[in-house]
1. Any idea which of GLY354, LEU229, ALA370 is furthest toward the positive side of the dipole for the chain, if Lys and Arg beta-carbons carry +1 and Asp and Glu beta-carbons -1?
2. Below 24 Å Cα-Cα, how many Lys pairs turn up in the range 69-148? Only count pairs eight or more apart in sequence, or on different chains, if you could.
3. Rank the residues HIS303, HIS312 as a footprinting-exposure proxy: fewest other Cβ atoms within 10 Å of their Cβ go first.
4. Lys and Arg at +1, Asp and Glu at -1: add these up for the other residues within a Cβ distance under 14 Å of LEU227 and post the number.
5. Rounded to whole Å and sorted largest first, what semi-axes of the equivalent ellipsoid does the C-alpha gyration tensor of the chain yield via the square root of 5 times each eigenvalue?
6. Between the range 183-225 and the range 279-328, what is the C-alpha centre distance in whole Å?
7. Relative to the Cα centre, what is the charge dipole magnitude of the chain, using +1 at the beta carbon of each Lys and Arg, -1 at the beta carbon of each Asp and Glu, and rounding to the nearest 20 debye?
8. For a quick check, take a GNM of the chain with Cα springs below 10 Å and name the residue from VAL181, VAL234, VAL91 with the largest mean-square fluctuation.
Amino acid sequence: MKNTLRQVFHSSKFVGGFVIFVAILLTLIIYPLINPGNPLQQIGVGTFAKPGTYVSLYDATKAPTETLRLPDAGDKRLASSLTEEDKVAMVEWFTAVEADISDLDTNDTDKMLEMWEQYYDPSVKPKGMIRAKINYFKRLDAALQELKSGDTIIIAEEGEDGALVESKKILDTDYVNTKSVANVKSLPLGTDNFGRDVLKELVSATGTSIRIGLIAGIVATLIGLTLGLLAGYVGGFLDDFIMFITNIFTVIPGFVLLILISYSIGQEQRGAAVVAVVIGFTSWTWTCRSVRSQVISLRNRDHVNLSKLSGHSLLRIVLTDILPYIASYVVMAFILQVSSGILSEAQLSLLGLGPKTTEVPTLGLMMNWAMLYSAHTNGSWWAYFPVILTITLISFSLNLMNTGLDQVFNPTLRD
């Protein structure tokens, strides 16, 4: 056993896959300790908040300020306030007043603002331009001038008559240390369509999907191993009957069968464990056929015949004289079944047939939510790309481990 483990961990592919998978498991353990709470809690009212750190504006205005004069602060402020629509409109104005825009780069904010100061005149009414468009340009100019003014005044009600008075003036050189702000929230992956923390949701979903994969892998491997051992060792009518059942499951596409069973169960009864068992029940056939082939090659070996002559029971012969010789193959089959279970859950959830959505998130459910709310079309990559990357990493690590084990235990692949 010790020598076998030494050989396994000398395989660079197995070690690489093992390290990736362990890193994922450690993240699942450590991150909830750093950021505890319900992963399905809605912290945002809007949808698909961008990744970043969010500071309470209410608390920031009340926090003590420091005066900092950072270079290019004003230019950055103006550049961040100009949308692509504003830039297109500015080019439209320049064209209308016959300004030279042959070498104008819309990404050069300084040049755009310089030309705006030079060519914009609110009294000018270009020929053919409708009043609504002219008013739009006036609002754009007012917004730019306000940004250049360098201060913002906060108005508050005071007195019994509710008169509005100046409460505080915020200058463009006022800065607040985030440690002085009472409420600061970091969202490395932003929020999803429901306003939930995507990173916290992703960690929880990864743990749930791995559990589904493990349960599905155990169920599929146990069914396939049991039937394969019996069919391969006993043979005869029992072998024919088991292979008949296996062929039926093989002829019917496994994923179609999985869809039909999941649909018949109903949404309320489809918990994570139920979905995992269904996946395992529909994916055991190739394990059964492979184990049967391995057992057929072993059942007439000398040590097996000796056990038969010694009067050992069928169960003892299978467990002590056959199973140890195919244990490495069973482990590899189990790893592949786990990977297949995770992918099957993702496919089911994309079709709306995964676990019910009110209890726990899964990787497939996160993909389903992102697709339903068009995250892929509105540029909200953080709602689906990390999920795809996580599924890829899990599958890659498991398949890399399986390849490493195959190189160790398959004589034809050894260096």
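1. Working it through, the farthest residue towards the positive pole turns out to be LEU229.
2. Lysine pairs satisfying the spacing and distance rule in the range 69-148 number 19.
3. Details: HIS303 12, HIS312 15.
Starting with the residue having the fewest Cβ neighbours, the order is HIS303, HIS312.
4. Values: positive: ARG289, ARG292; negative: ASP239, ASP240.
My count for the surroundings of LEU227 gives 0.
5. Details: eigenvalues 849, 110, 95 Å².
Gyration-tensor ellipsoid for the chain: 65, 23, 22 Å.
6. Their Cα centres are 36 Å away from one another.
7. Values: 33 positive and 39 negative charges, 527 e Å.
So the dipole magnitude of the chain works out to roughly 2540 debye.
8. Highest fluctuation of the listed residues: VAL91.
Coordinate-derived values only; no laboratory data. Everything quoted here is computed from the prediction, not taken from an experiment. All Cβ positions, even for glycine, are placed from backbone atoms using ideal geometry, and neighbour counts span all protein chains on display.
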